[in-house]
Amino acid sequence: CNVDGDNRTWGIRVLRRALAQRPGWLDVEQSASRTLRDELYAASRGGPTRLLLSFHCFEGAGAGLDRAESLAREPADALKVAVSIDDAAELTGVRALLAREERPVVRLGMGDAGLLSRVLYRQFGSPWTYVVADGVAPTAPGQLTVSRAAAYRLLEEGLRPMGVLGGPQVLRSNGQRAYNTLFARRALPFHYL
């Protein structure tokens, strides 16, 4: 939630009303003001609502990797780091983000190259991933729709990844649909990426 400028008062009222409803989680963007974050931390302390502090970096992996460590100093219940990447090789750095953190950390590579961090989120140490309803615009680049997540067999446990390595053109291959359909029909423990 970024509530700077004219929207600040409105945003604070919305967040206070959200907390009054006692949600399980409230996701707050690190770019929200320090005052607002401190107020939310205090308001949620001792209650049923847990705070997730999110950091989205659209400036590339280098900038994101450097600034993500500042999250560790925040008193949130869980952390989320989403970093724009252009090459799947950059996922090694994303996977290492906040590696010593004891709280849950969601680690995401944004963009097409971040697909593995969304489908294989458990291998990235993430307790969950994010999907968007079919027909709704994604909230971050590379976010999967519910249908696409189901096609990747995202919720099934114990699947081994299989795939093809290549340039951006492999994301438009029909192999994902064909192989994942075949694996699901035959109850084979694989998903194709």
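Please report, in debye to the nearest 20, how large the charge dipole of the chain is about its Cα centre when each Lys and Arg carries +1 at its beta carbon and each Asp and Glu carries -1 there. If you can, show how the numbers build up before the last one.
On the way: 25 positive and 20 negative charges, 140 e Å.
Value, rounded to 20: 680 debye.
A Cβ-based charge dipole, computed about the Cα centre of region 88-192 with Lys and Arg at +1 and Asp and Glu at -1, lands at about 240 debye. Asp27 contributes about 60 Å² of solvent-accessible surface, heavy atoms of the protein only, 1.4 Å probe.
Using a 1.4 Å probe and counting only protein heavy atoms, arrange Asp77, Asp87 so the residue with the most accessible area comes first. Before the final figure, lay out the partial values.
Details: Asp77 60, Asp87 85 Å².
If we order Asp77, Asp87 from most to least accessible, we get Asp87, Asp77.
Stretched out straight at 0.36 nm per residue, the stretch from Asp38 to Glu101 would grow longer than its current Cα-Cα span by 20.6 nm.
Given a 1.4 angstrom probe, I'd like the percentage of the accessible area of region 37-189 that is carbon and sulfur, rounded to a whole number. Each step should come with its number before you reach the end.
Details: 4510 of 8260 Å².
Result for region 37-189: 55 percent of the exposed heavy-atom area is carbon or sulfur.
Principal-axis analysis of the Cα atoms of the chain puts helix 175-185 at an angle of about 80° to the longest axis. Maximal additional length on extending the Phe58-Val164 stretch stands at 35.5 nm, based on 0.36 nm per residue less the C-alpha distance. Each of Arg16 and Glu29 was given a label point 7 Å from its Cα along the Cα-to-Cβ line. The distance between the two points is 2.2 nm. What the phi angles of region 18-34 give under the Karplus curve with 6.51, -1.76 and 1.60, with θ = phi - 60°, is a coupling list of 4, 4, 5, 7, 6, x, x, 9, 10, 9, 10, 6, 4, 6, 4, 4, 4 Hz, glycine and proline written as x.
Looking at region 50-138, which chymotrypsin sites (Phe, Trp or Tyr not before Pro) are DSSP coil and have at most 13 other C-beta atoms within 10 Å of their C-beta? Sparse-neighbourhood loop chymotrypsin sites (Phe, Trp or Tyr not before Pro): Phe58, Trp128. Full extension of the segment from Arg185 to Ser147, taken as 0.36 nm per residue of separation minus the current Cα-Cα distance, would add 12.0 nm. Taking all protein chains together, Arg185, Arg122, Arg37 sort by accessible area into Arg185, Arg122, Arg37, largest first [probe 1.4 Å]. Take the chain with all the other protein chains still there, run a 1.4 Å probe, and you get 56 Å² of accessible area per residue. Across the chain, the relative contact order, built from alpha-carbon pairs under 8 Å that are at least six residues apart, equals 12 percent. Ordered by solvent-accessible area of protein heavy atoms (1.4 Å probe), largest first, the residues Val146, Val106 come out as Val146, Val106. Toward the positive end of the charge dipole of the chain, with +1 on the Cβ of Lys and Arg and -1 on the Cβ of Asp and Glu, the farthest Cα among His56, Ala76, Asn174 is that of Asn174.
In whole Å, how far is the Cα centre of region 97-158 from that of region 32-55? First find each Cα centre; the distance between them is then 23 Å.
The values are calculated or read from the model by the stated rules, or taken from the named source; none is laboratory data. These figures come from a predicted structure and were not determined experimentally. Note: ideal-geometry Cβ built from the backbone for every residue, glycine included; neighbour counts use all protein chains shown. Calculation scope for accessible area: heavy atoms of the full protein, side chains included, ligands and nucleic acids excluded. Shrake-Rupley method; radii C 1.70, N 1.55, O 1.52, S 1.80 Å.
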